[in-house]
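Reviewing the structure listed below.
The values are calculated or read from the model by the stated rules, or taken from the named source; none is laboratory data. As the structure is a computational prediction, the values presented were derived from the model and not from experiment. Glycine gets a Cβ as well: all are built from the backbone with ideal geometry, and neighbour counts include every protein chain shown. Please note that ligands, DNA and RNA were not included when accessible areas were found on the heavy atoms of the full protein model with its side chains. Shrake-Rupley method; radii C 1.70, N 1.55, O 1.52, S 1.80 Å.
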Amino acid sequence: MNKPIQVFWYCEKWQAGGIQTIQVRLLDHMPLDQIHFDIAVSENDTDIFDDLLQREGVKKMVTLKRQYHGPGKRTLANFFSMRRYIRSGRYDVVHFNVCHGVELIYLFWAWLYRVPVRIVHCRNNDIGSGGRSRKLKIICHEICKRVFGGCANVRLANSELAKEWLFGGTHVSQSDVRILKNGIDAESYRFDEHARNQLRKELGVENAYVIGHIGHFSYQKNHEFLIEVFAKLMTYRPEAKLMLIGEGEEDAVRRQVELLGLNDHVLFLGAKKDIPPYMWAMDAFVLPSRFEGFGNVLIEAQAAGLCCFASRDVIPDMVRITENLTWISLDEGPEYWAKKIAEVAIDYTHEDHTGDVIRNGYDISCMAGELIKIYKGSIG
């Protein structure tokens, strides 16, 4: 029997987010007797997936043993820590899920120690930060993607926006970058009326108009704007409830909700492993992100039969696989968003769109099949 392919799978932060969920779900579609995974993360922010990783025999390694104040110190410490893991010589593949150019520096060790397959997989299209440090981070991103981009010999992106963000303006030919579509387990999102009614009863929202959002509390996801939209929506739908699923920096959002007197209308539900029932319980899904490399949650929401509203021009158009996704510019402001949601979603009923997911190539088995080929060296 041939020795399993050893894969070093990297993700900067381990949290209950889209990238991490995809990584975990992919394991169910991988031949784990042929491919063995070690997941490496610099920060371990959740244990929500630990039982699934243990079941699949996947080891999660935290590369940083302490917290660092400031991204510069953390990145430098992680750079040298990464060396210890990669220089062992036992990995056939390194697969780095990255969101910006600075993370490419870790590929240097894979190049130096001649790991055969060195994958850089871009999963976003902007820097996840605002404030005064943003300009410096953009400069570092531009420098690092030019200096260290050549350390990879396989280049992937989950959308054209992500492709341009990481590889645009470099020596890398655009034809050398493959678009690898994110995948979901489409069948698990097929609408279930009974499960919807049961969960709505448990949450006490049987008679409410439920707006939903799923995402890590962060600058990227733009929760503050979402709360403003919801406050305006209350004038059109006073029975509305807002369901927020996710972890992260939620204190400021909670203060905003309290200040606006919305405590009785906003549900902070934390992170959830079993997402489909919560989507079935919603009446509409809203994603006013400042940027998204892909926006996998919109594929899930459409598969679940939801009426969706999302930011125009900052989320890839390719995620619109049904007529039930409405694009709205963030420049239009909260009042316009609220009015549009009230108008479009008023007569909407859940429909089954799992077939659209599969026809458009977003079933996770397709994504897994492409990765297996890459891991085995069948590129092209």
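Numerical summary
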| quantity | calculated |
| --- | --- |
| Solvent-accessible area of ARG146 with every protein chain in place, 1.4 Å probe, in Å² to the nearest 10 | 110 |
| Gap separating the Cα centres of segment 237-265 and segment 27-104, nearest whole Å | 33 |
| Degrees between helix 223-233 axis and first principal axis of the chain (Cα, 0 to 90, nearest 10) | 20 |
| Three-way shape label, segment 78-120, alpha-carbon gyration tensor, a/c 1.5 | oblate |
| Solvent accessible area, Å² - LYS60, 1.4 Å probe, full protein context | 50 |
| About the Cα centre, charge dipole magnitude for segment 271-366 (Lys/Arg +1, Asp/Glu -1 at Cβ), debye | 260 |
| Using distinct alpha-carbon pairs, which all enter the 1/r mean, Kirkwood radius of segment 165-258 in Å | 16.9 |
| Ratio Rg/Rh [Cα only; Rh per Kirkwood] for segment 275-380 | 1.05 |
| Separation of alpha-carbon centers, segment 199-227 and segment 338-380, rounded to whole Å | 21 |
| Residues of segment 206-300: accessible area per residue with a 1.4 Å probe, Å² | 37 |
| With every protein chain in place, the chain: carbon and sulfur % of accessible area (1.4 Å) | 49 |
| Angle between the chain longest axis and helix 333-345 axis [Cα atoms, degrees, rounded to 10] | 70 |
| Calculated Rg and Dmax of segment 216-267 using C-alpha coordinates, Å | 10.6, 30 |
| Peptides ranked, highest mean first, by Cβ atoms within 10 Å: ranges 149-156, 115-122, 342-349 | 115-122, 149-156, 342-349 |
| Surrounding net charge for GLY361, when Lys and Arg each add one and Asp and Glu each subtract one, Cβ distance under 12 Å | -1 |
| Over the chain: Kirkwood hydrodynamic radius from C-alpha pairwise inverse distances, Å | 21.6 |
| Principal-axis tilt of helix 71-86 within the chain, Cα atoms, nearest 10 degrees | 50 |
| Cross-link pairs LYS3/LYS59; LYS272/LYS339; LYS13/LYS145; LYS60/LYS376 - those with Cα-Cα distance over 28 Å | LYS272/LYS339 |
| Per-residue [θ]222 nm for the chain (sum of -39500 (n - 2.57) over DSSP H runs n ≥ 4, rounded to 500) | -10500 deg cm²/dmol |
| Segment 111-243 - Kirkwood radius from inverse mean 1/r over Cα pairs (Å) | 18.9 |
| Percentage, to the nearest whole number, of Cα pairs in segment 1-82 over 23 Å apart | 27 |
| Cβ charges +1 (Lys, Arg) and -1 (Asp, Glu), total dipole of the chain, debye | 2140 |
| For segment 1-88: accessible area per residue (Å², 1.4 Å) | 50 |
